[in-house]
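The values are calculated or read from the model by the stated rules, or taken from the named source; none is laboratory data. Since the structure is predicted, the reported quantities are computational estimates derived from the model, not experimental observations. We place every Cβ from the backbone using ideal geometry, glycine too, and count neighbours over all the protein chains shown.
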Amino acid sequence: MRRALRLAIRLYPRAWRERYEQEFTALLEDTGCDAFHLLDVVKGGLAMRLSQPGFAVAGIGLMCSLAAFTASYAFPSMYVSTMVVSIGVKDGEQASQTVNRLARGALSRPALHEIIDRHQLYEARRRGSPLEDIVERMRRQDVRISRVIRTDDGVQRVPAFQVSFAAEDARTAQRVVQDLVETLFRTQKRVVPEADLEILDQASLPTQPMSPARPNFAILGLLGGLGIGLIAAKIGRRKRV
């Protein structure tokens, strides 16, 4: 207990310890220091530290950082799976038009309805929102179809596109991407038969969530807390003056 007491007293500012530490320690030893006394000493030391502007700013920053990091868990972890498919069209403008036509067909409401039902996506949202709104949300936020350029043997540039899907479960994200690409292949045969699609990269199985970036939450909380602490310290100095 004496060692714990000495460590607790170290929480007090140096100027205070240089003046009062010996008699304060002697008083505690004479009265008998138990766990409750030790807790009071710790509380007093922290309170005195936080009354100093520098420590108050740091304390507020750390508390805000911890609060922001904790709040990040209110957002679900999202895993993103991707596939890459070559287009088989050499002309750049024609390749872009082909991707747009394929995307319109693959992301149609009937196609997405089918995928949502097959994989039982958005079950919680479907209880309170129309399916049309769910489809629109899926199309705008969770599905991405974008052009990429791949190289063949490091020399020839191959026009391609990447399909990605974000879900709370990694396996679900992978399966949905596979279904989206199958839909694109069916759309290609019907809409742009002249294209020659070929899978370059199979659907990835993500091992780490892409969002939310919890360290970023903590950093933003820390910066915000430091800002609040500095403002509070400045206001406190003005009041004392």
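The table for this structure:
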| item | result |
| --- | --- |
| Residue count for segment 111-138, restricted to those that are surrounded by fewer than 17 Cβ atoms within 10 Å (Cβ to Cβ), free of Cβ contacts under 8 Å to residues at least 40 places away in the same chain and not small (Gly, Ala, Ser) | 14 |
| Residue match in segment 10-30 (condition: modelled with pLDDT under 75 and among the small types (Gly, Ala, Ser)) | no |
